[in-house]
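Visitor: Below is the structure I would like to discuss, written out as structure tokens.
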Amino acid sequence: MATQVTTAGQVVSTEQFAYPKGIWSWLTTVDHKRIGVLYLFTSLTFFLIGGIEALLIRLQLASPNNSFVSADTYNQLFTMHGTTMIFLAVMPLSAAFFNLLVPLMIGARDVAFPRLNAFSYWVFLFGAILINLGWLHGSAPDAGWFAYANLTSSQYSAGQGVDYWVVGVQVLGLSSLASAFNFLVTIINMRAPGMTMMRMPVFIWMTLIVAVLIVMAFPALTVGVTLLMFDRWFDTLFFVPEANGQPLLWQHLFWVFGHPEVYILILPAMGIVSEVLPTFSKKPLFGYTAVVFAGVGIAALGFSVWAHHMFTVGMGPVPNSVFSIATMLIALPTGIKIFNWIGTMWGGDLKFSTPMLMSIGFVSMFIIGGLSGVMHASPPVDSQQQDSYFVVAHFHYVLFGGSIFGLFAGIYYWWPKFFGRLLNEGLGKAQFWLMLIGFNATFFPMHWLGVIGMPRRIYTYEEGLNWDFWNLFTTIGAFVIALAITVFLINAISSFRKEKGAPDDPWDGATLEWATSSPPAPYNFEKVPVVNSNIPLWVEKYPEVYGHEPDFRDMAAPPAEEQETVEHGIEDHHHDDHIHMPNASYWPLVVALGLLLGFAGFIFTFVLTFIGAAVLFVGVYGWALEPAFGEPDHIY
Amino acid sequence: MAANQGTASPPIQQNIIEHPTSTGLDSRKLAMWCFLASDCMFFGSLITAYLVSHNRAAVPPYPQGFFDIPFTSVSAFVLLMSSVAMVLALSGIQKGNMRRFRIWIVSTGLLGLIFLGGQIYEFTEFHHEGLGLDTNLFGSSFYTLTGFHGAHVTVGVIWLFSLFFASFRAPLVTKEKALNVEIAGLYWHFVDIVWIIIFAVVYLIQAG
């Protein structure tokens, strides 16, 4: 559609808003959809890297006394596998969906701070590169993803491996914080007229909650890592036992961040599933309010359970009991959500497309992971399971069985919206079944291995401990997962060889993003929609079922020749006719580069830090003085 | 939050190309509040690290009786007064009185600089008395906590002087854009409040 008719009747060219082309346009883009695409492909790349690390781990453990990799390399592999999957795959994959969907779902043209959004992406990319630089140097981080003090002190980690982790995590934290401020403000402040809080899609609610969690939890990590940096570079004594320093302080600071982080990883997937299940059940979400408040409850409780990661460090019976009870309480809101998802499907007109299968996979696998979580909420049980493969099984059931299945549901569901092409259903179903079988074959036996005593993080084991068979089985399972991911890659790549032509609303969705074209125009909505319900499109499409209220479009008589989903007809109360889109800008890239140099200086040479600070300084002023929007920003 | 479809949104200020927001609050102001919430957790964690560390010094100097309370009281007073100046600067720009704005914004920045000077003097003194970053846990946690606060003040001072100089270029800092000053003010007051807490926790309670 090159031209569109506005309410006022004049024909405006949409050519002026066509997506610009070329590398430079991607480096300077502030469009939330493009930034979302960048997040999506970067995080999928790191998902593959983290997956390869996992396969190497499994090859080493396939048989007893194996010497496929050295103990040292093994340490680097499991550290980087955890770090990569958490910070470089699942979090940014969720961020990809925040970027792609939040403005569309709330009926906005972009996020509140488009340049800050670009900045978040570049900082994420640079942090990801920094943390992986260790591989080139031959010493990747090797102290585990939670980098326990004082294993990370200069005394026990003299090499540069931990430096890469410290600096990389610090930079990634800044990226997460910047993006959280942005989405918090966007969701609170940029909603379309009529979209009250309780009319927001559940995915938006979960995004809001995750943003709050990031804002409140990441500073603890920032402080913890800062103290560690100071210990390593400036000889402070925070975690040095000989000087009365307390390694336990690290554990508290880390898990005050680390447990909310678990919900930062799972809530976006819960949001996705809460969008997918209703669509493929042809029923609105069962108990919308309960699902929303259960999410809020999980987040609130999430701040009072961190020490359940530390039951075995000797905090004493009172703290152990308090944290144990708080942890068990989390089962309540989580259970509410699960019952609501089942209630959504109950009696629905179910259609088992790939997004639906992935979502059902999410719910069922997450139940298993949730149940084992309740088991080690009990300190005596936890003392048996701590640091064993049982724990590895548990968190993979929530992070892979939960987050990854949920995120794949989202990928299959929204792929046509952003790329204009549907993914192949046959390949999608093949991927789902392979992934479900491979996932369970890999991780279910780990429960058993843990219970019969196999500790985590050992690079090899002796024969005759009864661990051989299930380790081999698990390794085979891991390769089945790899096969499933290969099927996904084939599916994704071959989708780009097809002509664009996905319908605007292929799944008969209920939320605003399906009212835009596929892919959406840079400005998303020609007219800002007006919303009267939390299922605005269904109210419009099925007035006989969902009431007779005129819905999010005020229906100012669309021309007959226009297709159903044309983007106009809304009473234009206070918006003027111009669409103001933010300017492309290279300043976010410059500021991010300054941060990269500044932090890289801690590893290489402090000269770099000063150069970085100078670049940062120039970048911040360039950013502040540059007008954000298209027209000259003058008053007088 | 009722449907804001029918309710009157705040009129769009002429030539400011912002869409009306759902809450009526400016997005940048809201973002600053979110940042301050986050910074609360940042300083909360740092203060906690100080509280659990400072009394575990393995070698002297120990925190008891170490501080020069009258000196730091004066610099704390200076920082508090800078908040008053900040309020006056904001009121100046909101009334379009550029002269008042400039006088008070510079005063705020200068008071901030005096505070920083006091901190540098204090750090130097403590260093002469044998307290370094790597001397003991008291030194490590004291310098880290107060140093990060000082870094916040430094950023604030740069920001205040930037506003001062920007006010000579008409479009940047004007009556209509008083919000730019108000947001800097939020940050500045926050940094002051944090100092009240640090002053009480680190200096006064220790002295008692």
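Visitor: Per-residue mean of other chain beta-carbon atoms within 10 angstrom of the beta-carbon, peptide A:525-531?
Guide: 1
Visitor: Given only helices, namely DSSP H runs of n ≥ 4 each adding -39500 (n - 2.57), what is the per-residue ellipticity at 222 nm of chain B, to the nearest 500 deg cm²/dmol?
Guide: -23000 deg cm²/dmol
Visitor: What average number of partner chain Cβ atoms lie no more than 10 Å from the Cβ of the residues making up A:225-236?
Guide: What the average comes to for A:225-236 is 4.
Visitor: Normalising by the residue count of the range A:120-180, find the relative contact order in percent from Cα pairs under 8 Å and 6+ residues apart.
Guide: Once divided by the residue count of the range A:120-180, the mean separation gives 52 percent.
Visitor: For the range A:66-161, rounded, prolate or oblate, judged on the Cα gyration tensor with a ≥ b ≥ c (square roots of eigenvalues), a/c < 1.5 rounded, else prolate if a/b > b/c?
Guide: The shape class here is prolate.
Visitor: So, one more: Largest first and in whole Å, give the semi-axes of the range B:154-203's equivalent ellipsoid, each being the square root of 5 times a Cα gyration tensor eigenvalue.
Guide: One finds semi-axes of 28, 11, 5 Å for the range B:154-203.
Visitor: Based on the alpha-carbon set only, what is the convex hull volume of the range A:18-86 divided per residue, in Å³?
Guide: Output value, Cα hull per residue: 107 Å³.
Visitor: So for the pair A:E242, A:N66, with labels modelled 7 Å out along Cα→Cβ, what separation do we get in nm?
Guide: Here the modelled spin labels are 3.9 nm apart.
Visitor: Could you tell me the ratio Rg/Rh of the range A:457-498? Both radii from Cα atoms, Rh via Kirkwood.
Guide: Across the range A:457-498, the Cα-based Rg/Rh ratio is 1.31.
Visitor: If you fit an axis through the alpha-carbon atoms of helix A:247-281 and take the longest principal axis of the Cα set of chain A, what angle between them do you get, 0 to 90°, nearest 10?
Guide: Its long axis makes an angle of about 40 degrees.
Visitor: Return the lysines within reach of B:K175: Cα separation strictly under 25 angstrom, same-chain partners fewer than 8 residues apart disregarded; answer none if there are no such residues.
Guide: Within the straight-line limit of under 25 Å, B:K175 reaches these lysines: B:K29, B:K95.
Visitor: Can you give me the relative contact order of the range A:164-276 as a percent, contacts being Cα pairs under 8 Å and 6 or more apart?
Guide: Across the range A:164-276, relative contact order equals 33 percent.
Visitor: Largest first and in whole Å, give the semi-axes of the range A:310-354's equivalent ellipsoid, each being the square root of 5 times a Cα gyration tensor eigenvalue.
Guide: Semi-axes, largest first: 39, 11, 4 Å.
Visitor: Here's another thing I want to ask about it. Collect residues whose amide H, placed 1.01 Å from N in the peptide plane, falls under 5 Å from the amide H of A:S388; neighbours closer than 5 in sequence don't count.
Guide: Here A:R456 satisfy the definition.
Visitor: From Cα pairs below 8 angstrom and at least 6 apart in sequence, can you work out the relative contact order of chain A, rounded to a whole percent?
Guide: Computed over chain A, the figure is 17 percent.
Visitor: Now for a different question. Can you find, among A:V273, A:Y586, A:A614, the residue farthest towards the positive end of the dipole of chain A? Put +1 on the C-beta of Lys and Arg, -1 on that of Asp and Glu.
Guide: A:V273
Visitor: Ratio of Rg to Rh for the range B:21-138, alpha carbon only, Kirkwood?
Guide: 1.11
Visitor: Angle check, please: helix A:91-106 long axis (alpha carbons) against the longest principal axis of chain A (alpha carbons), in degrees 0 to 90, nearest 10.
Guide: For A:91-106 against chain A, the angle is about 20 degrees.
Visitor: Tell me, rounded to the nearest percent, the portion of alpha carbon pairs in the range B:83-208 spaced more than 23 Å apart.
Guide: 39 percent
Visitor: Also: If the range A:391-519 were replaced by its equivalent ellipsoid, with semi-axes equal to the square roots of 5 times the Cα gyration tensor eigenvalues, what would those be, largest first, whole Å?
Guide: For the range A:391-519, the ellipsoid semi-axes come out as 39, 15, 9 Å.
Visitor: Would you mind estimating how fast the range A:161-263 diffuses translationally, via Stokes-Einstein at 10 °C and 1.306 mPa s with the Kirkwood radius over Cα pairs, in µm²/s?
Guide: In µm²/s, the coefficient rounds to 103.
Visitor: Separate question: What's the average, rounded to a whole number, of partner chain beta-carbon atoms within 10 Å of each residue's beta-carbon in A:211-217?
Guide: What the average comes to for A:211-217 is 3.
Visitor: By how many degrees, between 0 and 90 and to the nearest 10, does the Cα long axis of helix A:606-625 differ from the longest principal axis of chain A?
Guide: 20 degrees
Visitor: Over the range A:141-192, what number does the Rg to Rh ratio reach, with both radii from the alpha-carbon atoms and Rh per Kirkwood?
Guide: 1.29
Visitor: Let me ask you something else. Using a Förster radius of 25 Å, what is the FRET efficiency between A:F469 and A:I367 based on their Cβ-Cβ separation? Nearest 0.05, please.
Guide: So, using R0 = 25 Å, E works out to roughly 0.40.
Visitor: How do A:502-515, A:205-218 rank on mean C-beta neighbours within 10 Å, highest first?
Guide: Per-residue mean Cβ counts within 10 Å order the peptides as A:205-218, A:502-515.
Visitor: Taking the Cα atoms of the range A:454-533 alone, what are Rg (to one decimal) and Dmax (as a whole number) in Å?
Guide: 23.8, 70
Visitor: Continuing with the same structure: Straight-line reach from A:K21: which lysines fall under 27 Å, measuring Cα to Cα and dropping same-chain residues less than 8 apart?
Guide: Candidates past the 8-residue exclusion: A:K33, A:K417, A:K498, A:K500, A:K527.
Visitor: Where does chain A land at 222 nm, in deg cm²/dmol rounded to the nearest 500, when only DSSP H runs of n ≥ 4 count, each adding -39500 (n - 2.57), divided by all residues?
Guide: Rounded to the nearest 500, the figure is -20500 deg cm²/dmol.
Visitor: By per-residue mean of other Cβ atoms within 10 Å, what is the highest-first order of A:276-284, A:460-468?
Guide: Highest to lowest by the protection proxy: A:276-284, A:460-468.
Visitor: From the residues A:L427, A:G501, A:I452, which one has its Cα farthest along the dipole of the range A:405-512 in the positive direction, the dipole being from +1 and -1 charges on Cβ of Lys/Arg and Asp/Glu about the Cα centre?
Guide: Checking the options against the dipole of the range A:405-512, the answer is A:G501.
Visitor: At B:F66 and A:I342, where each label point lies 7 Å from the Cα along Cα→Cβ, what is the point-to-point distance in nanometres?
Guide: Result for the modelled spin labels: 5.9 nm.
Visitor: Same structure again: What ranking, highest mean first, results for peptides B:188-197, A:352-361 when packing means the other Cβ atoms within 10 Å averaged over each residue?
Guide: In descending order of packing, they fall as A:352-361, B:188-197.
Visitor: Treat each spin label as a single point 7 Å out from the Cα along the C-beta direction, and report the B:S91 to A:L332 distance in nm.
Guide: Those two pseudo-labels are separated by 4.9 nm.
Visitor: Determine the dipole magnitude for chain B: charges of +1 sit on the beta-carbon of Lys and Arg, -1 on that of Asp and Glu, nothing else is charged, the reference point is the Cα centre, and the result goes in debye to the nearest 20.
Guide: Result for chain B is approximately 800 debye, rounded to the nearest 20.
Visitor: Provide the descending list of Cα extents for the protein assembly as shown along its principal axes, expressed in whole angstroms.
Guide: 85, 85, 47
Visitor: Something else: Using +1 at the Cβ of each Lys and Arg and -1 at the Cβ of each Asp and Glu in chain A, identify which of A:W205, A:F78, A:I367 lies farthest towards the dipole's positive end.
Guide: The listed residue farthest towards the positive side: A:F78.
All of the numbers you see were taken from the coordinates with simple rules; none came from a lab. These numbers were taken from a predicted model, which means no experiment stands behind them. No Cβ is skipped: glycine too gets one built from the backbone with ideal geometry, and neighbour counts run over all protein chains shown.
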